[in-house]
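The values are calculated or read from the model by the stated rules, or taken from the named source; none is laboratory data. All figures in this text were calculated on a predicted structure; none of them were measured in a lab. Positions of Cβ are generated from backbone atoms using ideal geometry, with glycine treated the same way; all protein chains shown enter the neighbour counts. Quick note on the areas: whole protein, heavy atoms, side chains included, nothing else; ligands and nucleic acids left out. Shrake-Rupley method; radii C 1.70, N 1.55, O 1.52, S 1.80 Å.
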Amino acid sequence: MRFPPSPTDRTGFEIAVICALPLEASVIAGIFDKQYDDNVFGKTLGDTNAYSTGVVGYHNVVLVHMPNMGKVAAATAAACLRASFQGVQLALVDGICGGAPFANQPGKEILLGDVVISEGLIEYDFGRQFPDHRFSRKDTPRDNLPRPGPGIRATLAKLQTEQGRRWLHHTSSGHLDLLQQKLGDMVKYPGASNDILFKATYRHKHHGPMQCASCANSSGADVCDLAAVMSCENLGCDKEQQESSIRISRSSNPTIHFGLMASGDTVMKSGEDRDKIVTRDRVIAFEMEGAGVWELFSNVLVIKGACDYADSHKSKKWQGYAAATAAAVTKCFLETWSPGMSLKCFVFYGLF
Ligand SMILES: [Zn+2]
Ligand SMILES: [Zn+2]
């Protein structure tokens, strides 16, 4: 493998991958083809991030370990990154997200472990009343959103051609296999029987014989504190309440979806709110860091694997696998990305 020349200092890194969770960063570290001694590059005084540096494909890459998750933490992490690594042109936000199961994509249902690549971000904020029309827009939400820069859009367009999709599917499967060999159980496929989508109105709370007084009397989102940290199995969530009858059957490989992502500072924990936002904003996934990074970098791409359905039935079962599928696709993206992509010089080719 041909590696790029090692940077002589921190300005030699043009690509950053930002991860909120140690699990996500561990998996991204698994796609590095070579690692540098991090003590060589250091960071500026007052920078609260931690960094790992190395090579992915033909790029020198800095991996950013954030101290906390969420939009504010992401904005702080991005500001520190910019101060320490002033040559960064492309920021990839990587890890896990909540998938919007049906997401207005006929025949393209999102399953757990599928990967979502952002074509744009929409901010949502539950401090505001729903519906929240904070974005004035034209007929389609895509018109007024901050979108990735032209270099990213061109690369995404290439990956969405028939040939690009086939290459992405095939190559990301290979990268995922290698990650699974390296990282073992941490990124194991949990199995289709653990991919459970409950009806949007069915709450994650104490049910049946498990019933507690708070959950029994709750009609809306307020359930007992304990329920939030317990598994569906222990709460008695009823598998008969699945949407199974209308779901597509799962193939062994994850699907890669391109679309808008909702980015907020609060975890989306309601199937009903999820569906309202999906209908209103045409988003296909929910995450928490992209909007914060966007405040500091104009070339931002979010690549995340769906580890839940952005509803109240949270589980950690799919996190490792979803982080790995996203990392595999990230490696493909970096293999397609040319260092000159950040320059605004293109030759256009198309149908008129
Ligand atoms: Zn309860
Ligand atoms: Zn549940």
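Each residue in segment 263-290 was checked for being open to solvent by less than 20 Å² (accessible area, probe 1.4 Å) and assigned to a helix (DSSP H, G or I), and 6 pass.
Going by the structure shown, is Gln163 closer than 24 Å to Gln319 by Cβ, open to solvent by 60 Å² or more (accessible area, probe 1.4 Å) and part of a helix (DSSP H, G or I)? Answer is no for this residue. Among the numbered conditions (1) surrounded by fewer than 18 Cβ atoms within 10 Å (Cβ to Cβ); (2) at pLDDT below 95, the only one that Ala103 does not meet is (1).
Just to verify a result, which residue in segment 304-322, among those that are among the hydroxyl-bearing types (Ser, Thr, Tyr) and assigned to a loop (DSSP other than H, G, I, E, B), is farthest from the chain's Cα centre (by Cα)?
It comes out as Ser312.
Criterion applied to Ala16, Ala79, Ala83, Ala50 was being open to solvent by less than 30 Å² (accessible area, probe 1.4 Å) and either under 24 Å from Ala291 (Cα atoms) or touching a residue at least 24 places away in the same chain (Cβ under 8 Å) (or both), and the one residue passing it is Ala16.
Condition (residue is assigned to a helix (DSSP H, G or I), open to solvent by 30 Å² or more (accessible area, probe 1.4 Å), free of Cβ contacts under 8 Å to residues at least 60 places away in the same chain and more than 10 Å from ligand 1 (Cβ to nearest atom)) applied to segment 194-205: is it met by at least one residue? No, because not a single residue in segment 194-205 is assigned to a helix (DSSP H, G or I), open to solvent by 30 Å² or more (accessible area, probe 1.4 Å), free of Cβ contacts under 8 Å to residues at least 60 places away in the same chain and more than 10 Å from ligand 1 (Cβ to nearest atom). Among residues of segment 228-244 that are in a helix (DSSP H, G or I), those with a Cβ under 6 angstrom from a residue that is more than 13 Å from ligand 1 (Cβ to nearest atom) and of a type in the set (Lys, Arg), sequence gap 6+ or separate chain, pair up as Gln241/Lys199. State yes or no: is Ser218 open to solvent by 10 Å² or more (accessible area, probe 1.4 Å) and within 16 Å of ligand 2 (Cβ to nearest atom)? When the stated conditions are applied, Ser218 passes them. The one condition from (1) open to solvent by 10 Å² or more (accessible area, probe 1.4 Å); (2) closer than 19 Å to Ser173 by Cβ that Tyr321 does not meet is (1).
Suppose we keep only residues that are within 13 Å of ligand 2 (Cβ to nearest atom) and in a helix (DSSP H, G or I) within segment 206-215. Which one would you say is modelled with the highest pLDDT? Write out each step before concluding.
Just the residues of segment 206-215 that are within 13 Å of ligand 2 (Cβ to nearest atom), to begin with: 206-208, 210, 215.
Pick out the ones that are also in a helix (DSSP H, G or I) and you get 208, 210, 215.
Numbers: Gly208: 82, Met210: 71, Cys215: 85.
Once the filter is applied, the top-ranked residue is Cys215.
Annotation note: of Leu301, Leu296, Leu260, the sole residue that is assigned to a strand (DSSP E or B) and touching a Lys or Arg at 6+ places or on another chain (Cβ under 7 Å) is Leu260. Out of all the residues in segment 222-244, which are open to solvent by 60 Å² or more (accessible area, probe 1.4 Å), more than 13 Å from ligand 1 (Cβ to nearest atom) and more than 17 Å from Pro209 (Cα to Cα)? Across segment 222-244, the qualifying residue is only Ser244.
Among the residues in segment 13-23, are any in a helix (DSSP H, G or I) and closer than 30 Å to Ile277 by Cβ?
In the first step, residues of segment 13-23 are kept if they are in a helix (DSSP H, G or I); the result is 22-23.
Pick out the ones that are also closer than 30 Å to Ile277 by Cβ and you get 22-23.
Yes.
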